[in-house]
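A quick write-up on the structure given underneath.
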Number of protein chains: 4
Amino acid sequence: MSDALNERDAEARVRDSFARQTIMTTIGASVQSVRKGEVEILLPFSDNILQQHGFIHAGAVATIADSACGYAALSVMPADAAVLTTEFKIHLLSPAKGERLRAVGRVVRAGKKLVITSGDVFADEGGTSKHVALITATMMVVETATGLRN
Amino acid sequence: MSDALNERDAEARVRDSFARQTIMTTIGASVQSVRKGEVEILLPFSDNILQQHGFIHAGAVATIADSACGYAALSVMPADAAVLTTEFKIHLLSPAKGERLRAVGRVVRAGKKLVITSGDVFADEGGTSKHVALITATMMVVETATGLRN
Amino acid sequence: MSDALNERDAEARVRDSFARQTIMTTIGASVQSVRKGEVEILLPFSDNILQQHGFIHAGAVATIADSACGYAALSVMPADAAVLTTEFKIHLLSPAKGERLRAVGRVVRAGKKLVITSGDVFADEGGTSKHVALITATMMVVETATGLRN
Amino acid sequence: MSDALNERDAEARVRDSFARQTIMTTIGASVQSVRKGEVEILLPFSDNILQQHGFIHAGAVATIADSACGYAALSVMPADAAVLTTEFKIHLLSPAKGERLRAVGRVVRAGKKLVITSGDVFADEGGTSKHVALITATMMVVETATGLRN
C-alpha cells in the first residue's frame, strides 16, 4: 500500500465519501471534524428519526456511531485502501434526547487487515453533554481497486 | 406482572408501537408478521437510505434488525411490561442490496429482567434470498408504569 | 490459496492444534467431533474452573465457545491458511452447571479475509440439555507462512 | 437498596468473592487493586494457559477481563446487591505474550438494573506495556437475597 494521506487530504476524502451517503441527508447528519484517527459527526434532533417515546431511535444513534468509527478508520488509510464495517456492538446508556447527538469515533488499533475502533455518542443540551452510547467496531481494510468503500 | 398477551393482542401492540416510530416511515420500513417470540420487518430498497456505493447503509440494516429483535421481545411481554434495547451487536455479512431487506428477530431466552434475542437480515432479489446480517441483542424489561417503551 | 482440506484431514488438523493448547488440558476440555464447518467441544464439570457460587466460570464457558468457533472456521480453511479470533461476543443465558458443558461452533459465512461464526453452549445433566450461552465471533484468515494459528 | 459500600469495604468484598473463584487459582490470577468503579487483575505468564503458538489463550484473557469488569461493577453496589455478567464482547488486538497480563475494568454507567462496564488488557514486558484486548460488558444487578454473585 502507498503512504497514509496527510490530514487535509484525509479530511477531504472523508467529507467526499460522507456526502455520497444518502442516508445522512435523510436523517440530517453532518461531519463536524476530521483528524487523523478521530472523526466527529453531528445529528440534530428532528421529528422524523424517532422511536415511539419521542427519543432518537437506536438505529439512528447506531448509524452515526458506526459512521464516525468507519471514517476514523478511513482517515488513517493510504489512498489505495478503504474500509468496510464488518461488525459493531453498541451499548445504549441513556435515552437519546436533547438538541443534537454528537458521535466521536476513534482508531484503537490499525492493522494491515483490520482496524479496530471505538466511539461514544453524546447528547448535547443547553451547554451540557450526556453520554448516551458506547460503540466498538471492526473495520476490514479493502483495496480501493476492488471498488469497495472510499 | 400480569399474564402474557395472546398472539392477536401481542400483534396489535407491536403494530401500534411500530406505527409511532417516525424513523420507520422515514426509511420506509413496515411490519410483515408478528408471532409470539418472532417478528419480521421489511425494508424496500430506496434511494434515500444508501451508503457511498449504493448499498443500503449498515445503519438502516441495524435499525430494522434491532426493531425486529425488540418487537420479538415485546411480543412475549405481559401488558404491564415492555422492553428497551440495552445493547446489540451486528455482523454485516454481505452488501445489503436487492429489492428489499427482510429482518427476522427471535427470542432466545426470556428472563424476568432481560430478554436475549437474535436475528437475521436477508436481502430478497428475484425470488432468491441472501443472508446479509446477523444480530444478537439484549432487551431490558421495563414496567410500563415507568412510561418506557410500549 | 490451495483447496480446502477433506473432512478427515480437517479433523486431524483441528485435533493436532487443539492438543497443543495447554489451557485445554488445564481446564479439562476435549474435542468431541469435527465436521466441515462445525466443531463440538466438551468440558466436564470440575472443581477448579468455578466462580464464587460453584457454577463454571464465564471465562471457561467463553474459552470452549471461542475454540469451537475458531476450529469450525479452521475446518474449512485450505492447508496454507489458518484463523485467529479477532473478536467475540458471548451471552450468558443461564448458570453453567451440570455434568458437563458442550460447545458447538459453526461457520456462518466464510470469506477470503474473515470467517464469521456462531455457536451455542449447552449444559448436559441426566440426559437433558440446557442452553447456557450464545456466541458470535469473527475469525481473521491468516496465511500459515506467517506462523500464526494452525 | 441500601447505600453503597465505602472503598475499604468494597475492596474487602471484591477480594473475598475473588478468592472463592477456583478458576483464578487454576490460571494464577490475582487482584491487584480495587477502587470504587475500577478493578485491576493480574495474570502472570505461565505454561498451562496457552494456545497453540505459545501465547496466552483468548479464553484466559477473557476470564480476567470479564472479572475486572464484574468486580468494578460490584465495587459500586450496596451491600444487598451484587452483579452477574449477562454478556461481554472482547476485541483481541495483539498476541497476549510478555511477563504478565493486566486487566483493568471500569464502570461506564451504573443503573438500577444494569451496570455497563468497559475494560482493557495490557501485556507488561520489561517495563513497557502493550494494549492487547478491549472489552465491553453488561452486568445485571441482582439482590443478594436471591443468592446470586457476591
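Output the number of residues of segment A:2-44 satisfying the condition of being touching a residue at least 24 places away in the same chain (Cβ under 8 Å) and touching an Asp or Glu at 6+ places or on another chain (Cβ under 6 Å).
The qualifying residues number 4.
Just one of (1) within 14 Å of the chain's Cα centre (by Cα); (2) away from chain C (no Cβ under 11 Å) trips up D:Lys89, so point out which.
Condition not satisfied by D:Lys89: (2).
Out of the residues in segment A:1-29 meeting the condition of being closer than 30 Å to B:Ser17 by Cβ and of a type outside the set (A, V, I, L, M), tell me which one is surrounded by the fewest Cβ atoms within 10 Å (Cβ to Cβ).
Top of the filtered list is A:Thr25.
Is there a residue in segment A:30-48 that is closer than 18 Å to B:Ala62 by Cα and facing chain B (nearest Cβ under 8 Å)?
yes
If you check D:Ala123, D:Ala62, D:Ala110, which single one turns out to be under 18 Å from the mean Cα position of the chain (by Cα), within 11 Å of chain C (Cβ to nearest Cβ) and small (Gly, Ala, Ser)?
Answer to the selection: D:Ala62.
Looking at (1) in contact (Cβ under 8 Å) with a residue 24 or more places away in the chain; (2) surrounded by fewer than 24 Cβ atoms within 10 Å (Cβ to Cβ); (3) of a type outside the set (Ser, Thr, Tyr), which is the one condition that is false for C:Phe122?
Looking at each condition in turn, C:Phe122 falls short on (1).
So which of B:Leu134, B:Leu101 ends up being farther than 11 Å from B:Gly70 by Cα, in contact (Cβ under 8 Å) with a residue 12 or more places away in the chain and either within 13 Å of chain C (Cβ to nearest Cβ) or of a type in the set (D, E, K, R) (or both)?
When all the criteria are applied, what remains is B:Leu134.
Going through segment B:49-59 one residue at a time, which ones are more than 7 Å from chain A (Cβ to nearest Cβ) and of a type in the set (A, V, I, L, M, F, W, C)?
B:Phe55, B:Ile56
Please determine whether any residue of segment C:23-43 is within 20 Å of B:Thr138 (Cβ to Cβ) and of a type in the set (Gly, Ala, Ser).
no
Read-outs: derived from the displayed coordinates by stated rules, not from any lab. Small disclaimer: the values here were computed from a predicted structure and weren't measured. Every residue, glycine among them, receives a Cβ derived from its backbone with ideal geometry; neighbour counts consider all protein chains shown.
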